[in-house]
Amino acid sequence: MNSIHPTAIVAGDVVLGEGNTVGAFAVVTGPVVLGDGNWIGTGAVIGASPEVRSWPHPGDALQPSSGSGIRIGDRNVIREYAQVHQGWHAETVLGNDTFVMNQSYVAHDSVIGDGATLASSVLLAGHVTVGAGANLGLGVSVRQRSAIGAGAMIGMGAVVVTDIAPYVLAYGNPAGPRSVNAVGLRRAGMSERIIAELAAVHPAEWDDDTLARFAELDTVGAVFAEWRGRGRG
């Protein structure tokens with residue numbers, strides 16, 4: 001049902017679905033719920049306790065990690081030496097079909113949406129939200145409690161210290177919105193009419209009224225309605 005390398009460690013309260021692959025020297029320590037068809041690369045660490053100063057680190061090396069848990073959906077790829085930490089106040093969550101490249105770091109309480117991509121060495125501090133289909137380039141760092149909207153593209157090496165709206169291309173240090181992510185919109189099947197309407201107002205000028213208008217668009221409207229409902233602009 002699952003292929004687990006003999007050098008891997010799976011310990012504690014770990015619930016595995018079917019068809020998962022756990023590579024050499026990977027470590028999975030519960031509480032973790034893992035769905036079906038996931039691929040975990042060599043040396044990945046899933047389930048270490050939250051990196052919080054006040055968290056009690058056990059003195060017994062044989063004692064499993066602890067925390068509020070990790071929930072990982074289906075068909076995710078978590079590459080070599082990536083780290084996904086236990087939740088602190090709530091579960092750390094990866095949806096379905098995410099691609100977490102080598103040496104990336106997903107801290108406690110973060111939520112990664114379906115189909116999101118974290119390139120190599122992406123660093124997410126605690127309580128970060130990454131929307132469905134978002135793409136974070138090589139070496140991106142994201143400050144705690146920041147949110148990146150669905151379909152956004154963050155350029156490599158960017159330092160994200162504020163929220164990035166859906167379907168926005170952002171880069172720099174600090175990262176700022178530069179334009180709409182036209183490539184991402186086309187890949188998502190959006191019409192040129194919708195892309196032009198989104199691009200007509202620079203993302204830096206998107207306000208509540210703009211988001212309300214975007215919430216009425218075909219196809220992408222629900223994404224902007226949800227973003228607006230969270231009070232993010």
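The values are calculated or read from the model by the stated rules, or taken from the named source; none is laboratory data. It should be emphasised that the depicted structure is a prediction, and the values quoted were computed from it without experimental measurement. Every residue, glycine as well, gets a Cβ built from its backbone with ideal geometry; the counts of neighbours run over all protein chains shown.
Spot the failing condition for LEU94; the list is (1) surrounded by fewer than 20 Cβ atoms within 10 Å (Cβ to Cβ); (2) under 15 Å from VAL77 (Cα atoms); (3) touching a strand residue (DSSP E or B) at 6+ places or on another chain (Cβ under 6 Å), and only one is missed.
(1)
In region 129-142, which residue that is out of contact with any Asp or Glu (no Cβ under 8 Å at 6 or more places or on another chain) and part of a loop (DSSP other than H, G, I, E, B) is surrounded by the fewest Cβ atoms within 10 Å (Cβ to Cβ)? Can you show your working first?
Step one: list which residues in region 129-142 are out of contact with any Asp or Glu (no Cβ under 8 Å at 6 or more places or on another chain), which gives 129-131, 134-142.
Imposing the further condition that a residue be part of a loop (DSSP other than H, G, I, E, B) reduces the set to 131, 134, 137-140.
Details: GLY131: 25, ALA134: 28, GLY137: 18, LEU138: 14, GLY139: 17, VAL140: 25.
Step by step, filter region 129-142, then rank; the result is LEU138.
Could you go through region 198-206 and let me know if any residue there is within 20 Å of ASP114 (Cα to Cα), touching a helix residue (DSSP H, G or I) at 6+ places or on another chain (Cβ under 9 Å) and of a type outside the set (D, E, K, R).
Of all residues in region 198-206, those within 20 Å of ASP114 (Cα to Cα) come to none.
No, region 198-206 contains no residue that is within 20 Å of ASP114 (Cα to Cα), touching a helix residue (DSSP H, G or I) at 6+ places or on another chain (Cβ under 9 Å) and of a type outside the set (D, E, K, R).
What's the number of the condition ARG145 fails, among (1) more than 22 Å from SER104 (Cα to Cα); (2) surrounded by fewer than 14 Cβ atoms within 10 Å (Cβ to Cβ); (3) within 20 Å of the chain's Cα centre (by Cα)?
All conditions pass for ARG145, except number (1).
Just for region 33-62: of the residues that are hydroxyl-bearing (Ser, Thr, Tyr) and more than 16 Å from ASN2 (Cα to Cα), which one is surrounded by the fewest Cβ atoms within 10 Å (Cβ to Cβ)?
The first filter runs over region 33-62 and keeps only residues hydroxyl-bearing (Ser, Thr, Tyr), leaving 42, 49, 54.
From the residues that got through so far, the ones that are more than 16 Å from ASN2 (Cα to Cα) too are 49, 54.
Working: SER49: 18, SER54: 6.
The selected residue is SER54.
Quick check on region 201-221: of everything there that is surrounded by fewer than 12 Cβ atoms within 10 Å (Cβ to Cβ) and over 14 Å from PRO177 (Cα atoms), which residue is modelled with the lowest pLDDT?
Step by step, filter region 201-221, then rank; the result is ASP218.
Looking at GLY69, GLY37, GLY23, can you tell me which residue is within 20 Å of the chain's Cα centre (by Cα) and closer than 20 Å to TYR105 by Cα?
Numbers: GLY37 fails: closer than 20 Å to TYR105 by Cα; GLY23 fails: within 20 Å of the chain's Cα centre (by Cα).
Unique residue meeting the criteria: GLY69.
List the helices (runs of 4 or more DSSP H) inside region 159-233, counting only whole elements, that have at least 1 residues being touching a residue at least 24 places away in the same chain (Cβ under 8 Å) and within 14 Å of ASN135 (Cα to Cα).
Working: elements: 182-187, 192-199, 208-214, 221-229.
Where helices (runs of 4 or more DSSP H) fall fully within region 159-233 and carry at least 1 residues being touching a residue at least 24 places away in the same chain (Cβ under 8 Å) and within 14 Å of ASN135 (Cα to Cα), they are 182-187.
What residue, of ALA119, ALA107, ALA90, is at pLDDT 95 or above, closer than 19 Å to ILE154 by Cα and in contact with an Asp or Glu (Cβ under 8 Å, 6 or more places away or on another chain)? Break it down stepwise before answering.
On the way: ALA119 fails: in contact with an Asp or Glu (Cβ under 8 Å, 6 or more places away or on another chain); ALA90 fails: closer than 19 Å to ILE154 by Cα.
When all the criteria are applied, what remains is ALA107.
For region 170-181, state whether one or more residues are surrounded by 14 or more Cβ atoms within 10 Å (Cβ to Cβ), in contact with a Gly (Cβ under 6 Å, 6 or more places away or on another chain) and of a type in the set (Phe, Trp, Tyr).
Checking region 170-181: at least one residue is surrounded by 14 or more Cβ atoms within 10 Å (Cβ to Cβ), in contact with a Gly (Cβ under 6 Å, 6 or more places away or on another chain) and of a type in the set (Phe, Trp, Tyr).
Of the residues that sit in region 68-87 and are of a type outside the set (S, T, N, Q) and surrounded by 24 or more Cβ atoms within 10 Å (Cβ to Cβ), which one is nearest to THR117 (Cα to Cα)?
First, pick out the residues of region 68-87 that are of a type outside the set (S, T, N, Q): 69-75, 77-82, 84-85, 87.
Now narrow it down to the ones that are surrounded by 24 or more Cβ atoms within 10 Å (Cβ to Cβ): 70, 72, 78, 82, 84-85.
Values: ILE70: 18, ILE72: 15, ILE78: 10, ALA82: 13, VAL84: 14, HIS85: 18 Å.
The qualifying residue nearest to THR117 (Cα to Cα) is ILE78.
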